[in-house]
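Written out below as structure tokens is the structure these notes cover.
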Amino acid sequence: MPIKKIAVLVSGRGSNLQAIMDNIENGRINGKIEVVISSSRDAYALERGEKHGIEGIYIGKDRFPNIDKRNNRLIEVLGEKGIDLIVLAGYMNILNEKIVKLYRNRIINIHPSLIPSFCGKGFYGERVHKAVLDYGVKLTGATVHFVDEGTDTGPIILQKAVEVDFGDTVQTLSKKVLKVEHELLPLAVQMFCQDRLEVQGRKVIIVDGD
């Protein structure tokens, strides 16, 4: 099976990027990260990629103030690298419809809640965990999904629940959910690279491996 070429889009620390790189290097993922693209110039994720010999590219607002030009540059880079899979690992920019159509069912995102709860416009980062705690739910978790034209509305690939304890803070809950993210995102990438994910309408069918 041909090795899948992967682009990881980041904005911050890149711990999910690290989880993917680790799983590639230990042989679990039949893929290669061709490029790390950041919306933030000083994202530590770029340094993480550099330590593993992966090219890092900054495509941000100060270099491309116009969002359409920003997305067009992103499309150029993805095309030049021959990317098979785009992984959004804490990427804080919105991908336009052109990119979504070009890479239909080839863009994976990780979200720190059990979609469709606590997701959509305005729900990102610590805001998600604060909303979870304010609402008083007993379970939250993480979701990996394909990206469509909406916000956190694409077909769900994997989910895993995390219990919310009475004494949890945004910080403690974030750590618990992040641990689950580090399990789910590499697994989803692994299954994509094995051609085990089939999208039927809103459902993702996980095909048994050989």
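The values are calculated or read from the model by the stated rules, or taken from the named source; none is laboratory data. Given the structure is predicted, the values throughout are model-derived calculations rather than measurements. Note that each Cβ is placed from the backbone with ideal geometry, even for glycine, and that neighbours are counted across all protein chains shown.
Miscellaneous remarks
- Looking across region 15-38, the residues that are in contact with a Pro (Cβ under 8 Å, 6 or more places away or on another chain) and either buried (at least 21 other Cβ atoms within 10 Å of the Cβ) or closer than 13 Å to HIS52 by Cβ (or both) come down to ALA19, ILE20, ASP22, ASN23, ILE29.
- Residue in region 20-40 that is at pLDDT below 95 and touching a helix residue (DSSP H, G or I) at 6+ places or on another chain (Cβ under 9 Å) present: yes
- Inside region 95-118, residues that are charged (D, E, K, R) and either outside any loop (DSSP other than H, G, I, E, B) or touching a Ser or Thr at 6+ places or on another chain (Cβ under 9 Å) (or both) make up a count of 3.
- Residue list for region 39-89, filter: exposed (fewer than 13 other Cβ atoms within 10 Å of the Cβ) and of a type in the set (Asp, Glu): ASP42, GLU50, ASP62, ASP68, GLU76, GLU80
- Count - residues of region 135-150 that are of a type in the set (D, E, K, R) and under 17 Å from LYS176 (Cβ atoms): 1
- Identity of the residue in region 1-14, touching a residue at least 12 places away in the same chain (Cβ under 8 Å) and in a loop (DSSP other than H, G, I, E, B), that ends up surrounded by the most Cβ atoms within 10 Å (Cβ to Cβ): GLY14
- Put simply, of GLU97, GLU76, GLU50 the only residue that is free of Cβ contacts under 8 Å to residues at least 12 places away in the same chain, out of contact with any strand residue (DSSP E or B) (no Cβ under 9 Å at 6 or more places or on another chain) and of a type in the set (Asp, Glu) is GLU76.
- Residue within region 16-28 that is hydrophobic (A, V, I, L, M, F, W, C) and not in a helix (DSSP H, G or I) present: no
- Picking from residues in region 166-210 that are among the acidic types (Asp, Glu) and surrounded by 18 or more Cβ atoms within 10 Å (Cβ to Cβ), the one that is farthest from ALA19 (Cα to Cα) is ASP168.
- Among residues of region 99-128 being modelled with pLDDT of 95 or more and among the basic types (Lys, Arg), the one that is farthest from PHE192 (Cα to Cα) is ARG127.
- Each residue in region 100-110 was checked for being aliphatic (A, V, I, L, M) and without any contact (Cβ under 8 Å) to a residue 60 or more places away in the chain, and 3 of them qualify.
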